[in-house]
1. Work out Dmax and Rg for the stretch 6-123 from the C-alpha atoms and quote the Rg first, both in angstrom.
2. Would you kindly compute the Cα radius of gyration of the stretch 420-559 and its largest Cα-Cα separation (Dmax), both in Å?
3. Give me log10 I(q)/I(0) at q = 0.05, 0.07, 0.09, 0.10 Å⁻¹ for the chain, Debye formula, one equal scatterer per alpha-carbon, no solvent.
4. Using a simple spin-label model with points 7 Å from Cα along the Cα→Cβ vector, what separation in nm is obtained for residue 412 and residue 44?
5. For the stretch 158-302, calculate the relative contact order in percent as a whole number, restricting contacts to Cα pairs under 8 Å that are 6 or more residues apart.
6. Using helices alone, I'd like the mean residue ellipticity at 222 nm for the chain: each DSSP H run of four-plus residues gives -39500 (n - 2.57), total over residue count, nearest 500.
7. Quick one: pull the percentage of alpha-carbon pairs in the stretch 198-264 with a separation above 14 Å.
8. Using the Kirkwood radius over Cα pairs, work out the Stokes-Einstein diffusion coefficient for the stretch 247-351 at 20 °C and 1.002 mPa s, in µm²/s as a whole number.
Amino acid sequence: MIGNSIIEGRRLTGANFFCDEPAAILELNLEPEKFEAFYLHWQNAIRTLHDLLDRPQPQFFHRRHAKGQSLIVTAPIDALYSTIELLEAVFTLFDELGYNERLEAKQLRLIADQFRDIYKQEQRPDIIHLRDQALEHKVPFLWDDDFLSLGYGKCSDTWPIDELPNKPNWETYRAIPLAIITGTNGKSTTTRLCSQILKHGDMTVGFSSTDGIWAGEDCLDTGDYSGPGGAREVLRNKKIDVAILEVARGGLLRRGLGAENANVALITNVAEDHLGEWGINTLDELIEAKFIVRKAVKSKGYLILNADDQGCVNFAQNLDQTISWFSLNRNNPLIQQQIKNKSTAFFADEGQLFAAFNGEVQAYCNIKDIPISFNGAALHNISNALSASSLTYHLGVKLDTIRKGLCSFNGNEQNPGRGNIFNRQGVSIMVDFAHNPHGLNAVVNTLLQLPAKRRLVMLGHAGDRSNGDIDALTQSALKLNPDQIVIYEIADYLRGRELGEIPEIIRQSLKERGYPLDQVIFAESSVDGTKKALAWSEHGDFLLLLALSDREAVFALLKE
């Protein structure tokens, strides 16, 4: 924390929660009455300083939320760091003098003298010139602290930030088909499904996700690349001719969008998850944050939305973009309206997937032929299949190719950590990454339709989950009516908690709901928990292993 009231300052490098251009943001935790007193004085001071520094006047935005305030000032891309420092310096002066006071002209001149060289050192007229030329030639432009690139994928070139070209060949650079995917659950599965479908369309796909970065069949890196950094890595890869970018709430709020000129953007669903972070404290605020992706879509592009998600439906009422809806229910009013309007829609009905376009309705895939549907039991994966169908269709893929991609998608091989099924000596085992109640409820509803003599659930959580979140996840697990529960520690993700604290919260949650504690086993890790679950199991049992850590080691153990 800087000072007593500044939580942090950071750059918003693309279109974001507040505006459609780069900006500097200051996160505060001022008392509300102090904020009221100082905000207009602060705004006037920033305006005066921009005049003194001969800088263009910015746009101002501010937001008050349950845990503080956000101050946002737009800035050129070669002045973002300087602007953050300026905002911090001005606020610190207000903090020292009192929030009711206006800054005197002498004080502002001193700050301007201090920052004149700071702004000059950051200025990069060569970058601004290339950006302006790219806009003129309608060429995608990507930049960061180390590299600058023009075009996307196979139609791109990238240079070190200090070795920029004088006269680029603008005819060389252009966009490639680009899709952006976000949502609370189903993002990674849908991203991988889209990649599989596009491969059947003879395309070389690049995609970034919470699990890593791929270009064609090559995994370039593993880890969480659902932010702007992952997007740039994909879009700069000259091997690819189509890109799918999974973007998560954290990246959208920390930095904004990492790419523009998208043909489609998809929101799978929005449910309560990670509330209380980055000023997002309610479901409505989270929905608005997810809908940032709409700002990346071209004027003739499509926003693909879940007609079964009421939050998405409500928010979309105020949008003027072209929307393609998908639903598990043919009779959903939005689906029927799309058919009537001769617009596109994708839906499930009587064991089939259907596409509606130009007033026609066509079945294109038997649900039971899609491996991850578990013969139709996994409704969440049927929804993912519909969203992937809509996305790839709007990228120009034919329905027959979409069907081939869906039917060839093997969960264990192509979707690790999401609904992976193993069988050991008559014991059925599912490994899943479900880490919020919405996702876990979907998994539980699937498993309740599958036969089992006895059921076991293995639970563990990272330390950044609130006690309420952990309790809600435990309640979701209990819906499976498990005969045994294994609680494991995630020692590498305590995130401020004490060792043993999370398992104890889970144990107390089980106790409060009357679950017999003699049916609870404690484990040191997910691998140790898997060993204990296997030791407990008998022929005909079903084990649900929520492996949020050491997934590869768990897989290796199950394959022995």
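Read-outs: derived from the displayed coordinates by stated rules, not from any lab. Note that the structure is a prediction, hence the values are computed from the model and not measured. Every residue, glycine as well, gets a Cβ built from its backbone with ideal geometry; the counts of neighbours run over all protein chains shown.
1. Cα-based Rg and Dmax for the stretch 6-123 come out at 13.5, 38 Å.
2. 13.7, 41
3. -0.24, -0.47, -0.76, -0.92
4. 7.1
5. Working: 263 pairs, mean separation 39.1, N = 145.
So the answer I get is 27 percent.
6. On the way: 18 runs with 204 residues, N = 560.
Result for the chain, helices only: -11000 deg cm²/dmol.
7. Working: 1172 of 2211 pairs.
Tail fraction, whole percent: 53.
8. Values: Rh = 14.6 Å.
After rounding, the answer is 147 µm²/s.
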